[in-house]
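Notes for the one structure printed next.
The values are calculated or read from the model by the stated rules, or taken from the named source; none is laboratory data. Keep in mind it's a predicted model, so treat the numbers as computed, not measured. Positions of Cβ are generated from backbone atoms using ideal geometry, with glycine treated the same way; all protein chains shown enter the neighbour counts.
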Amino acid sequence: MKNLCILGIETSCDETAVAVYQERKGLLSHILHTQSKLHADYGGVVPELASRDHIQNLAPLVHAAIKQAGLELSDLTGIAYTQGPGLVGALMVGTVFARSLGYALSIPTIGIHHLEAHLLAPMLENNPPEFPFIALLVSGGHTLLIKVEELGHYQMLGETLDDAAGEALDKTAKLLGLGYPGGAKLEVLAKTGNPNRFKFPRPMVKNPQDLNFSFSGLKTLAMTTLRSEGSELQTKADLAYAFQEAIMDTLVIKSSRAIKKTQIESLVVAGGVSANQTLREKLKSASKELGIRVFFPRHEFCTDNAAMIAYTGCLYLSQKKYSDQNLEVEVYPRWKLSAKD
Ligand code: KG4
Ligand code: ZN
């Protein structure tokens, strides 16, 4: 049987990304164009601008990724694209492109759940995790604890009741004048913070059974603290430190509880916030105490990318699972991961 060679396309938000994954050789190429400068002045992603920019960049990126992989379009055996969740217009661009190219090349196409791809991203690394595992998925839009039995079987153990961890980091970063998205910049500022100046609470940790999160109170506390303490650079750094510690400690406490509750011995951490060094170090030391293994994607695959889309598509297509049977084009801007079961 022909070795699968999958083109991955990611356009769910403000990154246009393309990758080629080959079943036997692994990842052959991956390219990303970020729109962050385009949206910076607006303090958040402007959906219409995002769609237009995807349209401009997608075709050249596909050509570049195929060339970088040393292939021709005719070498592809399938196309995987992000079908949701995300911005409807942005998803449409990738979906229509992928379905049209698949039709033209007479190869199967498959719509991928963006969050499923995030949580499988650590499998692109050496010594990948094996099923079952607990996944902590922390991005700008989601904070989820998931029991992953096997490919396609996802049981929600906990989620945020208000802001996602990345969203809370971004909003506080904005408050500190760091721009958008500010999670990574807040991490840098926190390095110069005084660890003893402010101590923020770890929200919702009292009930040992509770695996849900709530971060909006911390965000409000950051705002009132900044108002009362003034906005000198050192105060901002001290605040960034206290805020980051509170968020990351809470993620560690709840992940450890999920591990203890399920007796599963592997923890996978994925999504943009998993790039955070403080979180990685705290989880590594917690995993030693628990006697479990913890897995992270490489930095560039923590945030949105197409390598994870191509890889997830390859897993499904190798099982002969195709989502696209007719010529209708569908996207799912809101799509629950548990709905995939
Ligand atoms: O997964 P992602 O690229 O996009 C979504 O699907 O949301 O995650 C983006 C989020 C943003 O909130 C960003 O501030 C956060 O990940 N982020 C970080 C770091 N790098 C990105 N948060 C904390 N520390 C970082 N180093
Ligand atoms: Zn994402």
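Per-residue answers, yes or no, for (1) touching a residue at least 12 places away in the same chain (Cβ under 8 Å); (2) within 30 Å of Q83 (Cβ to Cβ); (3) within 16 Å of ligand 1 (Cβ to nearest atom):
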{"residue": "N212", "(1), (2), (3)": "yes, yes, no"}
{"residue": "G217", "(1), (2), (3)": "yes, no, no"}
{"residue": "F243", "(1), (2), (3)": "yes, no, yes"}
{"residue": "T250", "(1), (2), (3)": "yes, no, yes"}
{"residue": "K261", "(1), (2), (3)": "yes, no, no"}
{"residue": "G272", "(1), (2), (3)": "yes, yes, yes"}
{"residue": "A307", "(1), (2), (3)": "yes, yes, yes"}
{"residue": "T312", "(1), (2), (3)": "yes, yes, yes"}
Q: Could you list, in sequence order, all residues of segment 179-199 that are surrounded by 15 or more Cβ atoms within 10 Å (Cβ to Cβ), modelled with pLDDT of 95 or more and either among the polar types (S, T, N, Q) or under 26 Å from the mean Cα position of the chain (by Cα) (or both)?
A: G183, A184, K185, L186, E187, L189, A190
**Q.** Hey, A164 within 15 Å of ligand 2 (Cβ to nearest atom) and buried (at least 18 other Cβ atoms within 10 Å of the Cβ) or not
**A.** yes
Q. Listed residues A135, A104; which is without any contact (Cβ under 8 Å) to a residue 60 or more places away in the chain and not aromatic (F, W, Y)?
A. A104
Q | Flag for L279 being modelled with pLDDT of 95 or more, within 17 Å of L137 (Cβ to Cβ) and assigned to a helix (DSSP H, G or I) | A | yes
Q | Scan of segment 194-219 for residues that are part of a loop (DSSP other than H, G, I, E, B) and of a type in the set (D, E, K, R), ordered by number | A | R197, K199, R202, K206, D210
Q) Inside segment 141-156, can you point out the residues that are more than 10 Å from ligand 1 (Cβ to nearest atom) and buried (at least 19 other Cβ atoms within 10 Å of the Cβ)? A) T143, L144, L145, I146, V148, Y154
(Q) Looking only at residues that are outside any helix (DSSP H, G or I) and more than 16 Å from ligand 2 (Cβ to nearest atom) in segment 282-296, which one is farthest from the chain's Cα centre (by Cα)? (A) G291
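Residue-by-condition table, conditions (1) within 16 Å of ligand 2 (Cβ to nearest atom); (2) more than 13 Å from S266 (Cβ to Cβ); (3) surrounded by fewer than 20 Cβ atoms within 10 Å (Cβ to Cβ); (4) at pLDDT 95 or above:
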{"site": "I107", "(1), (2), (3), (4)": "no, yes, yes, yes"}
{"site": "I112", "(1), (2), (3), (4)": "yes, yes, no, yes"}
{"site": "A121", "(1), (2), (3), (4)": "yes, yes, no, yes"}
{"site": "F131", "(1), (2), (3), (4)": "no, no, yes, yes"}
{"site": "A135", "(1), (2), (3), (4)": "yes, no, no, yes"}
{"site": "S139", "(1), (2), (3), (4)": "yes, yes, no, no"}
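Which of the following residues is within 19 Å of the chain's Cα centre (by Cα), in a helix (DSSP H, G or I) and crowded, with 18+ Cβ neighbours inside 10 Å: I247, I259?
When all the criteria are applied, what remains is I247.
Those residues that are away from ligand 2 (no atom under 16 Å from the Cβ), in contact with a Lys or Arg (Cβ under 9 Å, 6 or more places away or on another chain) and either within 16 Å of V273 (Cβ to Cβ) or part of a helix (DSSP H, G or I) (or both), I need them from segment 169-181; list them, please.
Across segment 169-181, the qualifying residues are K171, T172, A173, L175, L178.
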Q.
Quick check on this structure: which one of G272, G217, G230 is within 16 Å of ligand 2 (Cβ to nearest atom) and either of a type outside the set (A, V, I, L, M) or surrounded by fewer than 23 Cβ atoms within 10 Å (Cβ to Cβ) (or both)?
A. G272
Q) Residue check: is A40 out of contact with any strand residue (DSSP E or B) (no Cβ under 6 Å at 6 or more places or on another chain), in contact (Cβ under 8 Å) with a residue 60 or more places away in the chain and surrounded by fewer than 15 Cβ atoms within 10 Å (Cβ to Cβ)? A) yes
(Q) Test of understanding: among L71, L119, L61, L115, which residue is more than 16 Å from ligand 1 (Cβ to nearest atom), assigned to a helix (DSSP H, G or I) and among the hydrophobic types (A, V, I, L, M, F, W, C)? (A) L61
Q | Filter result for the condition that a residue is surrounded by fewer than 22 Cβ atoms within 10 Å (Cβ to Cβ) and not in a helix (DSSP H, G or I), over I264, I253 | A | I264
Q: Taking only segment 297-337 into account, find how many residues are more than 16 Å from ligand 2 (Cβ to nearest atom) and either of a type in the set (S, T, N, Q) or assigned to a loop (DSSP other than H, G, I, E, B) (or both).
A: 13
